[in-house]
Amino acid sequence: MIEIGLGHYLTLGAIIFFLGVIGIFLNRKNILIMLMSLELMFLSINFNFIIFGNFLNDIAGQVFVFFILTVIAAESAIGLAIIVVLFRTKQSINVDDIGKLKG
């Protein structure tokens, strides 16, 4: 039977992070996909904190994840508000149109 160790979890976290990076670099036009890719990167970092906390028998990693998730939720709310304002004014969610929102 194969034992799943720390290396397997870290590899999975690195793969998820790399998928987020690929999502940002391949699609620089759509803000929504960039925001989802950024969220994927943050969640892979949180996954690594949880795995290290479990491996070291320390709850500090899990507590730190709660603080990170709070910041990520605020960032997502602000990002989605910007997307709504951009769509209402320009009828697109293109990244190049953000500069045109200056009042």
**Item:** Virtual spin-label span in nm between A77 and I24, 7 Å along Cα→Cβ
**Value:** 2.3
**Message:** Please report the accessible area of K100 (heavy atoms, 1.4 Å probe, ligands and nucleic acids excluded) in Å², nearest 10.
**Reply:** 130
**Asked** Picking from N54, F17, A81, whose Cα lies most toward the positive end of the charge dipole for the chain (charges on Cβ: Lys, Arg +1; Asp, Glu -1)?
**Response** A81
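Rounded if a/c is under 1.5, else prolate if a/b beats b/c, else oblate: with a ≥ b ≥ c from the C-alpha gyration tensor eigenvalues square-rooted, which is the range 33-88? Could the numbers behind the result be given before it?
Working: a/c = 8.02, a/b = 2.68, b/c = 2.99.
Taking the square roots of the gyration eigenvalues as a ≥ b ≥ c, the range 33-88 is oblate.
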**Asked** Which value, in Å² rounded to 10, gives the accessible area of T89 with a 1.4 Å probe and all protein chains present?
**Response** 80
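In deg cm²/dmol, rounded to 500, what helix-only [θ] at 222 nm does the chain give when every DSSP H run of at least 4 residues adds -39500 (n - 2.57) and the total is split over its residues? Please list the in-between numbers first.
Details: 3 runs with 77 residues, N = 103.
One gets -26500 deg cm²/dmol as the mean residue ellipticity at 222 nm.
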**Request:** Could you state the accessible area per residue of the chain in Å², with a 1.4 Å probe and every protein chain left in place?
**Result:** 72
**Prompt:** Roughly to the nearest percent, how much of the accessible area of the chain is carbon and sulfur, given a 1.4 Å probe?
**Reply:** 74
**Request:** Give, rounded to the nearest 20 debye, the magnitude of the charge dipole that the chain has about its Cα centre when Lys and Arg contribute +1 at Cβ and Asp and Glu contribute -1 at Cβ.
**Result:** 600
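The values are calculated or read from the model by the stated rules, or taken from the named source; none is laboratory data. As the structure is a prediction and not an experimental result, all values here were calculated from the model. So basically every Cβ, Gly included, is an ideal-geometry build from the backbone, and we count neighbours across all protein chains shown. All accessible areas refer to the heavy atoms of the entire protein, side chains included, with ligands and DNA or RNA removed. Shrake-Rupley method; radii C 1.70, N 1.55, O 1.52, S 1.80 Å.
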